[in-house]
Amino acid sequence: MSDQSSTNASWGGRFSEPTDAFVARYTASVDFDRRMYRQDIQGSVAHAKMLCKVGVLTEQERDDIIRGLEEVRIEIERGDFEWSVALEDVHMNIEAALTKKIGITGKKLHTGRSRNDQVATDIRLYLRDEIDAISAELTRLQQGLAELAEKEADTIMPGFTHLQTAQPVTFGHHLLAWNAMLERDYARLQDCRARMNQLPLGAAALAGTTYPIDRFYTAELLGFDAPTENSLDSVSDRDFAIEFCSAAALIMMHMSRFSEELVLWASAQFRFIDLPDRFCTGSSIMPQKKNPDVPELVRGKTGRVYGHLVGLLTLMKSQPLAYNKDNQEDKEPLFDTVDTLRDSLRAFADMAPNLIARKDDMREAAMRGFSTATDLADYVVRKGIPFRDAHEIVGKAVGYGVKTGKDLSEMTLKELQQFSTEITADVFDVLTLEGSVAARNHIGGTAPDQVRAAAARAKAALAQR
Ligand code: ARG
């Protein structure tokens, strides 16, 4: 990257001395905004086509610009492009390179636009592409979860509240809980994409332009639903980026919960799952270790995504209309959010379908902690006893179980009848783990049949995306 300081050719007309070398570096954004070179060129090609359509450029000029921009793109992708800090940002670097290639016509490209509406357009194009890529990873993760849920529809594990054994659930049901969160996350991303899919170009610096531009045509060329309504808002608004970061923060929050459970479950204390070796690392000192680095990192990276959300909100707070240079600071948090989210989803989409359920350990854990106590209470209620009394009866039975080291299902009928004479032999249908989960047979319940149906619905919905 060259960084010789000089008066910038794009705006240096009124200046009598070159920009201070440090200030040039301090104010430049090319180090990071060059990431949007593809969208910058895409926007410029559409702008040139529109300028030709309305008679501002000739067809020859339009074609020269498009050809020149195409050459620039190829050079950038080959790694031959010389980025210059003196040219500040991606926009002026590309425009200067174009002018070097095609001469004076290159300077006409910027007619009727400003970097203010140009950058607003580039970010939207960029974020739209990234939302699509992120949505694809999210879908892949959901598909993996739905498939695994179908396979694990009958697998029984303890369900928890307060991280204490509560009631038995099926592992498939638990997997589909994660899927339900991700389903809302997906919808939020699509909402955000739909709201931001409007073209700011044509707002120019802030007030619009005197050229006879056709913003509907440019919008159509770039796949935007419509031009934005207000030029001042167009160049200063970054709420779409905040909205994306907020959707990203929610996804990471969900993934951090998911991660926390995987880390716990992979421990020797829980032993509910095995993570495939390729998603884990070892310890250089403790030979027995297999560490769940991927979920740990996802959990850890959630913090930086939250940080970027707060950073962007603070960046925008109290900014007067219209564009302010502050807005250049939107990119690094946004880019890092995109990278972090996309990589985290990718890692999980690769890993989740390959979780190995340790069914026997899960079952054994569900046998501990009196997870069918509620089932026994419901049973006694069905025999005509008020719930409050039933609660008391089962509480005593559990106390007896704690003393004798027996689960409710391991007690004899006689033992159970000490607590209520209403209890008869059919009690064992509800005291087993299988009986307990099968009885919760309604939509949204944990019964294996419901889990199979829910997984099938999820898979069908995902196939429609
Ligand atoms: N690099 C700038 C940004 O990211 C582009 C817009 C600059 N506009 C200006 N008037 N200096 O916001």
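Computed from Cα atoms, the angle from the helix 59-78 axis to the main principal axis of the chain rounds to 50 degrees. Of the solvent-accessible surface of region 196-260, computed with a 1.4 Å probe and all protein chains present, 51% belongs to carbon and sulfur. Taking the C-alpha atoms only, the angle from helix 448-463 to the longest principal axis of the chain is near 10 degrees. Summed over the residues of the chain and divided among them, the accessible surface reaches 48 Å² per residue at a probe radius of 1.4 Å.
Would you work out the charge dipole size for the chain about its Cα centre, treating the Cβ of every Lys and Arg as +1 and the Cβ of every Asp and Glu as -1, and quote it to the nearest 20 debye? Walk me through the numbers before you get to the answer.
On the way: 56 positive and 69 negative charges, 89 e Å.
Using Cβ point charges on Lys, Arg, Asp and Glu, the chain gives about 420 debye.
Can you send over the carbon and sulfur percentage of the accessible area for region 342-412, probe radius 1.4 Å, protein chains only?
Looking at region 342-412 in its full context, I get 51 percent from C and S.
I need the fraction of alpha carbon pairs in the chain separated by more than 40 Å, rounded to a whole percent. Tail of the P(r) past 40 Å holds 41 percent of the pairs.
Among the listed pairs K49/K100; K290/K359; K151/K290; K301/K331; K383/K406; K108/K331, give every one whose C-alpha distance is greater than 22 Å.
Distance filter (> 22 Å) returns K151/K290; K383/K406; K108/K331.
In the chain, the DSSP-assigned H stretches of four residues or longer account for a calculated mean residue ellipticity at 222 nm of -19500 deg cm²/dmol, using -39500 (n - 2.57) per stretch and the full residue count as denominator. Mind pulling the angle between the C-alpha long axis of helix 387-404 and the longest principal axis of the chain? Nearest 10 degrees, somewhere in 0 to 90. With both axes taken from Cα atoms, the answer is about 80 degrees.
What the phi angles of region 319-334 give under the Karplus curve with 6.51, -1.76 and 1.60, with θ = phi - 60°, is a coupling list of 5, x, 5, 9, 5, 10, 4, 3, 5, 4, 6, 6, 6, 4, x, 5 Hz, glycine and proline written as x.
The values are calculated or read from the model by the stated rules, or taken from the named source; none is laboratory data. In this text, all values refer to a predicted model and were calculated from it rather than measured experimentally. Positions of Cβ are backbone-derived with ideal geometry, glycine not excepted, and every protein chain shown enters the neighbour counts. Just the protein is used for accessible areas: all its heavy atoms, side chains included, with ligands, DNA and RNA removed. Shrake-Rupley method; radii C 1.70, N 1.55, O 1.52, S 1.80 Å.
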